[in-house]
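Let me begin by handing over the structure; questions about it come next.
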Amino acid sequence: MEPNQLRSEFLNFMEQRGHKIVPSSSLVPDDSSVLLTTAGMQQFVPYLSGKIEPPYKRACSVQKCFRTGDIEEVGDNTHHTFFEMLGNWSFGDYFKEEAIKMAWEFLINFCHLDKEKIRITVFKGNEDIPADEEAIKLWEKQGVKKEWIFKFDMEDNFWGPTAKTGPCGPCSEIHYDRGKEFAIRECSIKGCGPNCNCGRFVEIWNLVFMEYNKDGGYQLLKQKNIDTGIGFERLVAILQEKNSAYNTGLLQPLIKELEKKSGQQYDSQKKTFRILADHIRSACFLIADGILPSNLDRGYILRRIIRRFIRYARLLNLTGNWYLSLIETVVNLYGETYPEIKNGKENIITVIQKEEEKFGRALAKGLKELEKLQPIDGVVSGSEAFYIYQTFGFPIEMIEEELEKRDLTVNSNEFELESKKHQDVSRAGAEKKFGGVGIKNAQNKEEAAKLAQLHTATHLLHAALRQVLGDHVGQMGSDINFERLRFDFSHQEKVTAEELKKVEDLVNEKIAENISVKKEIMSYQEAIVSGALAFFKEKYPTEVNIYSINSFSKEICAGPHANETGNLGHFKIIKEQSSGAGVRRIKAVLEQV
Ligand code: SER
């Protein structure tokens, strides 16, 4: 079965069983305590925790996910940074029995997997949470033999929460026996099964019986939920009878293109080819969701991914614009399922090009600087390594590799501490930078009204920029005084005169339409689910205001705003300039007409 077909067949299957098809959420999660979306359930946390009444009781999705915990393993048969998850959810509706029945039906009756090869794992219980005897019975009811059901502890069979607190529960995993010929190492263990490191068994589906909330200890939730996730890449590999997703239609086209570009054979350097294919795909997805390379948080993850693939490309003697046709291949493979990849293509190319140039310059300087380090007993201090990392943007593993060549190592604990210190300082700075609109400084009603008008104009400008330049545009900062508004936003290129004119016209069009500015109060999670834009996630209280200017603009914002757009005057952009790497700044005024 082809990947596109499998995605839609899964969604159809679940839709026929009463699930609402929900689009994948962004790789940038709403929960600010989590860097990237690592599982399909993240967008549903408010429903799973019972904090928000869901608009539907059952949902299913194909979700973009990203995990960096295993980045060193990428290149083997089963690890990827970016991957997709197929999932189905019940929010206080069906529970174990139906979830197990549906999973079985999909895999055995629909995908025609051999049921003799299915192995199951369940939670064996501990002092807080009892063993899952019920799941064992339910699997037996489907025809799974007792000896094919394995019990494991918390580490393997308890899922979540994704943040420090939140919904979680015991889980039951479905594994598939790919046979001895697929094992990566010899194994003579009698009754070898899931979790044996011979690699013969592949986990394909995780069913989480989400009935707990973790907040210190474990409390029972008001409702019993189901959260499931199929590793899409793994299921595709099994259905296409390949030992790895790298050899399926999901990644092979990228590997073929790399062979063509480099003139070298995949079989001769599998790991390098696989890392390149994985990282190019994941960089495209990160950039398409608005992330830019930086030395902080998710920006750093992207920087690390791009710089890693540039280094691996050199091993295949790939230089110049070799990645252009690979980006094109990613667009061909994924553009239909994820339109942001197709629409973001030009932006993806620019971001990668700029990062490559920057890396080239930093590399030359940084390598010189490495020679000046003063290691003690062969160990470079964390602060010295952090200096190289921060000043020259060398990913930490690259510093380690370069030092290894010189028989040196880094004190990595010290490095972590330095890095943490730096992040705390930057966060505090960002919060200060993105303060409110400053209405409290207004001396009289007229001044207050002017500030509110400029604030509304800022929302119109933001929406217009996204419409003209693309969805990668996001607010990076905003400042208003009585004369003008200033707006910083993510965008790589200088905005052309023609684009500026389009933006200006669009804003003035919305002013002419005299649209009323609507304010609603809702919980932060609800606001996000309703599609409102939010930018400084750390700062929002649980209850937020949403300001909408019909369907054109919808943002979480403290306000205040004009009551309608008609009295704003004439919007005019007076300046467009750079405001840091990948950030542009616009200053604009409202002229009285
Ligand atoms: N949340 C679970 C997982 O990611 C099931 O979807 O494995």
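Since every read-out is calculated from the coordinates, none of them should be taken as a lab result. Computed from a prediction, not measured in an experiment: that's the story for all the values here. FYI the Cβ positions are ideal-geometry reconstructions off the backbone, even for glycines, and counts take in every protein chain you see.
Report the label-to-label distance for GLU147 and THR319 in nanometres (one decimal), using points 7 Å from each Cα along the Cα→Cβ vector.
It is 6.1 nm.
State the Cα centre-to-centre distance between segment 360-386 and segment 165-227 in whole Å.
Value for the Cα centre distance between the two parts: 42 Å.
Measure nothing fancy, just the Cα-based angle from helix 396-405's long axis to the longest principal axis of the chain, in degrees from 0 to 90, nearest 10.
That works out to roughly 60 degrees.
So, one more: If you average the C-alpha positions of segment 280-319 and of segment 31-91 separately, how far apart do those two centres end up, in angstrom?
The two parts, judged by their Cα centres, are 21 Å apart.
Return an integer: the convex hull volume of the alpha-carbon atoms of the chain, in Å³ per residue.
Hull volume over Cα atoms, normalised by residue count, gives 181 Å³.
Shifting gears a bit: So what is the relative contact order of the chain, in percent, for Cα pairs below 8 Å that sit 6 or more residues apart?
It comes to 10 percent, rounded to a whole number.
Please compute the modelled spin-label separation between ASN126 and ARG311, points set 7 Å along Cα→Cβ, answer in nm with one decimal.
Reported label-point gap for ARG311 and ASN126 is 3.5 nm.
Something else about it: Quick one: length gained pulling GLU447 to ASN195 fully straight, 0.36 nm per residue minus the C-alpha distance?
Gain in length upon complete extension: 84.0 nm.
Let me ask you something else. Full-extension gain between GLU397 and GLU98, please, as 0.36 nm times their residue separation minus the C-alpha to C-alpha distance.
Stretched fully, the GLU397-GLU98 segment lengthens by 103.1 nm.
If you bin the C-alpha pair distances of segment 303-403 every 10 Å from 0, what whole percents do you get?
For segment 303-403, the binned pair fractions read 13, 39, 27, 15, 6, 1 percent.
Could you tell me how many cubic angstrom of Cα convex hull volume segment 17-117 has per residue?
Measuring per residue, one finds 131 Å³ for the Cα hull of segment 17-117.
Between VAL379 and ASN413, with labels modelled 7 Å along Cα→Cβ, what's the label distance in nm to one decimal, could you check?
If labels sit at VAL379 and ASN413, their model points lie 0.8 nm apart.
Round to the nearest 0.05 the FRET efficiency obtained for LYS20 and TYR218 when R0 = 41 Å and r is the Cβ-Cβ distance.
It comes to 0.90.
Next question, about the same structure. For a footprinting-style exposure proxy, rank TYR218, TYR246 by other Cβ within 10 Å, fewest first.
TYR218, TYR246
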